[in-house]
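The values are calculated or read from the model by the stated rules, or taken from the named source; none is laboratory data. Keep in mind that what you see is a predicted model, and the values were worked out from it rather than measured. Cβ placement follows ideal geometry from the backbone for every residue including glycine, while neighbour counts extend to all protein chains displayed.
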Amino acid sequence: MRKPDRPRWTTWDCIKVLVLVLAGSYGVLLLLTPWWEKTALGQSKGVRFLLHTIIQAGLIFSGVTYTVRYRYRQDWATLGLHGRNLGRAFSHGTGGGFFLFLLVLGMGIILEQLLPVEPKPQPFARLVMEARNWQQLIIPFLIGSVIAPFAEELYFRGFLYPALRVKWGIRWAVFLSALIFGSLHLDPVRLIPLAVGGAGLAWIYEISGSLVAPIIAHALWNTIMLVVLYLSTTV
């Protein structure tokens, strides 16, 4: 198994891209909101969520592409995006996705038992739970199973994790990238399960040498969770 090439970008580059994504996405939404709220589509919570996700994903892709391809002149394979050992990447991704779903679900159940009050569902979970038919799951599916897994894995595992690994080694890179991943979901109650999930995705990336594997794992984890949430409110 061939590992991705050593990245030339630094953790400082990763911070700059993250600031671009956070500030840029909210800035664009701030500019669009006055016009958007006057349209019929703007009244849909799901469409607004999808728009926000697309903007963030576009900024992640743009920031990572500029840094890796144009500033440092490295190819996509440096991020782990290549066609080598796709069968191995698929098996790591599917097996890892099922395992992470069960692990994070179990940790979430334990946390709910320990907390004095039941935690509120995340905005994405509410969107799924409010769906009353499969057509209303199309937008949550696009967000959770397609766009978010690709964009988040591109940044956290393909871009951030290798830079941290060069500076601090594998263990600290797994820990720090997972902690940042969990923190940016802005859910203190679920920080630990999400961080553990992030660590699992980083480890899948490390052992597979391919970004395809954690993308598949992340997409499968989110898809199973989406189906479970939907069935819990409709069956």
**Complete:** Only unsatisfied item for GLY80, checking (1) modelled with pLDDT under 90; (2) touching a helix residue (DSSP H, G or I) at 6+ places or on another chain (Cβ under 9 Å), is (1)
**Prompt:** For segment 214-235, what are the residues that are over 13 Å from the mean Cα position of the chain (by Cα) and either in a helix (DSSP H, G or I) or modelled with pLDDT of 95 or more (or both)?
**Reply:** ILE224, MET225, LEU226, VAL227, VAL228, LEU229, TYR230, LEU231, SER232, THR233, THR234
**Message:** Looking for something touching a Ser or Thr at 6+ places or on another chain (Cβ under 9 Å) and modelled with pLDDT under 95 - is there at least one such residue anywhere in segment 176-187?
**Reply:** no
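Which residue out of GLU152, GLU118, GLU112, GLU130 is within 18 Å of the chain's Cα centre (by Cα) and not polar (S, T, N, Q)?
GLU152
Confirm whether GLY46 is at pLDDT 95 or above and of a type in the set (Gly, Ala, Ser).
no
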**Asked** What single numbered condition from (1) in a helix (DSSP H, G or I); (2) closer than 25 Å to PRO140 by Cα; (3) not aliphatic (A, V, I, L, M) fails to hold for CYS14?
**Response** (2)
**Filter result for TYR26 (assigned to a helix (DSSP H, G or I), out of contact with any Ser or Thr (no Cβ under 9 Å at 6 or more places or on another chain) and modelled with pLDDT under 95)** = yes
**Message:** Just checking, does segment 157-171 include any residue being in contact with a helix residue (DSSP H, G or I) (Cβ under 9 Å, 6 or more places away or on another chain), among the aromatic types (Phe, Trp, Tyr) and either buried (at least 19 other Cβ atoms within 10 Å of the Cβ) or in contact (Cβ under 8 Å) with a residue 12 or more places away in the chain (or both)?
**Reply:** yes
**Asked** Which is among the charged types (D, E, K, R), closer than 22 Å to PRO214 by Cβ and assigned to a helix (DSSP H, G or I), of ARG69, ARG48, ARG84?
**Response** ARG69
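Do we find that THR94 is of a type in the set (Ser, Thr, Tyr) and within 20 Å of the chain's Cα centre (by Cα) in this structure?
For THR94, the condition - of a type in the set (Ser, Thr, Tyr) and within 20 Å of the chain's Cα centre (by Cα) - is met.
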**Request:** Taking only segment 21-61 into account, find how many residues are buried (at least 17 other Cβ atoms within 10 Å of the Cβ) and either charged (D, E, K, R) or more than 19 Å from ILE139 (Cβ to Cβ) (or both).
**Result:** 5
